[in-house]
Amino acid sequence: MDISIVIPAYNEEESLPELIKQLSLVLNELKKTYEIIIVDDGSTDGTLSAAKTLKRDFPALKVLSFRKNYGKSAALSEAFKLAKGNYVITMDADLQDDPAEISNLISTLESGNYDLVSGWKKKRFDPFSKTMPSRIFNFVTSKITRINIHDFNCGLKIYRHAVIKDLKIYGELHRFLPVLAHWNGFRVGELSVQHHPRKYGKTKFGISRFFNGFFDLLTVIFITRYQTSPLHIFGMMGLASSLLGIAIELYLSILWFMGKGIRNRPLFFLGILAIIVGVQFIVFGLLGEMITARFAEQTQYSVKEKIE
Ligand code: UDP
Ligand code: MG
């Protein structure tokens, strides 16, 4: 199988028929073998029946339907388990991503020798309330992760098969797929793609996505950099805080020996606080290490080649 198209769909009954028709035109022209996997993410409208109806005309269609709405990450994760294609392309179900970009994605992946190429909605057709927070989010994520792309959360992406097999996504970590892939040693590229306004239905993500996005960024930093060595981060914070506290208390002790009262000085309490917090951080780190040690065999490494 050459290509797997993965489409998460939550209440997208109107969009699906149009999307599948456009997609199959594009795919048939490529002269490659393909499958289209629709994941109905617990839709409450007619998404599932629309997909079943389409299946009659498009045998390359595969449909997976969740009993309830688990979220986009869950939908992608389950579809990745099914996907057989050498290349796996994800796209949103709402017609905002353009199937015509597929051949560009493939050629960028191949010519740039990338493992993942992420779409970039350079000219984006979404309300300002959405594009502005998204800009901030992308800027911060790019700075922190040092990955030079502009649009981490674009639904339109192409992956080599090996990338998706090594990705573990849950919660709302689908926003960070390029980060997780990069962390596994895969090469991540970017392609500016055509974006369209939403034609039917409505967006599934409100303003809460902005805050959740930053919590998830923190999670991603932790699970990529410190998963196997939690004491490195917690120990450092703990040490800094404890040392600060100890320095403060030493200074106040000297004053006390010199006969000055220190009990009513705010600094006295700050010093104690810093020591307690510091010790707690170190203990968190040690607890983290104990958890890590327990699950050591389950640590996943991304293997590039195996020669026997
Ligand atoms: N989606 C999903 N499960 C969810 C929320 C969204 O499968 O819980 C799908 C949705 O149907 C669409 C894609 O994820 O195909 C992107 O969602 P949306 O278009 O609402 O996001 P936006 O384009 O507004 O960022
Ligand atoms: Mg959309």
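Taking each residue of segment 144-171 that is among the acidic types (Asp, Glu) and looking for partners that are away from ligand 1 (no atom under 16 Å from the Cβ) and not in a loop (DSSP other than H, G, I, E, B) with beta-carbon atoms closer than 6 Å, six or more apart or interchain, yields nothing.
Considering only residues of segment 73-84 that are within 14 Å of ligand 1 (Cβ to nearest atom) and either of a type outside the set (A, V, I, L, M, F, W, C) or on the phi > 0 side of the Ramachandran plot (or both), which is nearest to the chain's Cα centre (by Cα)? Ranking the candidates gives SER73 first.
The listed residues are ILE169, ILE158, ILE149, and the only one of them that is modelled with pLDDT under 95 and either open to solvent by less than 60 Å² (accessible area, probe 1.4 Å) or assigned to a helix (DSSP H, G or I) (or both) turns out to be ILE169. Answer yes or no as to whether VAL163 is among the β-branched types (Val, Ile, Thr), open to solvent by less than 30 Å² (accessible area, probe 1.4 Å), within 16 Å of ligand 2 (Cβ to nearest atom) and modelled with pLDDT of 95 or more. Answer is no for this residue. Of the residues that make up segment 252-260, is at least one closer than 30 Å to SER229 by Cα, in a helix (DSSP H, G or I) and without any contact (Cβ under 8 Å) to a residue 40 or more places away in the chain? So far as segment 252-260 goes, no, none of its residues is closer than 30 Å to SER229 by Cα, in a helix (DSSP H, G or I) and without any contact (Cβ under 8 Å) to a residue 40 or more places away in the chain. Restricted to segment 53-95, and to residues there that are part of a loop (DSSP other than H, G, I, E, B) and touching a Lys or Arg at 6+ places or on another chain (Cβ under 6 Å), the residue that is farthest from ligand 2 (Cβ to nearest atom) is LEU95.
When GLU18, GLU13 are checked against the criterion of being part of a loop (DSSP other than H, G, I, E, B) and within 16 Å of ligand 2 (Cβ to nearest atom), a single residue qualifies: GLU13. If you filter segment 187-208 down to residues that are more than 16 Å from ligand 1 (Cβ to nearest atom) and of a type in the set (D, E, K, R), you find that the one that is surrounded by the most Cβ atoms within 10 Å (Cβ to Cβ) is GLU190.
Per-residue answers, yes or no, for (1) within 13 Å of ligand 1 (Cβ to nearest atom); (2) out of contact with any Leu (no Cβ under 8 Å at 6 or more places or on another chain):
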position	(1), (2)
PHE58	no, yes
LEU61	no, no
LYS68	yes, yes
GLY71	yes, yes
ASN86	no, yes
LEU95	yes, no
THR108	no, no
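Which of the residues that make up segment 96-134 are in a loop (DSSP other than H, G, I, E, B) and in contact (Cβ under 8 Å) with a residue 40 or more places away in the chain?
GLN96, ASP98, GLY112, ASN113, TYR114, ASP115, LYS121, LYS122, LYS123, ARG124, PHE125, ASP126
A single entry from ALA162, ALA181 fulfils the requirement of being within 10 Å of the chain's Cα centre (by Cα), within 19 Å of ILE89 (Cβ to Cβ) and away from ligand 1 (no atom under 14 Å from the Cβ): ALA181.
Considering only residues of segment 187-212 that are among the hydroxyl-bearing types (Ser, Thr, Tyr) and not in a strand (DSSP E or B), which is modelled with the highest pLDDT?
Taking the candidates together, the pick is TYR200.
When the residues of segment 173-186 are narrowed to those that are assigned to a helix (DSSP H, G or I) and either open to solvent by 50 Å² or more (accessible area, probe 1.4 Å) or free of Cβ contacts under 8 Å to residues at least 40 places away in the same chain (or both), which ends up nearest to ligand 2 (Cβ to nearest atom)?
Among them, the one singled out is HIS182.
Among the residues of segment 41-52, those that are buried (at least 16 other Cβ atoms within 10 Å of the Cβ) and within 16 Å of ligand 2 (Cβ to nearest atom) comprise ASP41, SER43, THR47.
The values are calculated or read from the model by the stated rules, or taken from the named source; none is laboratory data. Computed from a predicted structure; not experimentally measured. For neighbour counting, all protein chains shown are included, and Cβ atoms are generated from backbone atoms with ideal geometry for every residue, glycine included. For accessibility, only protein heavy atoms count, side chains too; no ligands or nucleic acids. Shrake-Rupley method; radii C 1.70, N 1.55, O 1.52, S 1.80 Å.
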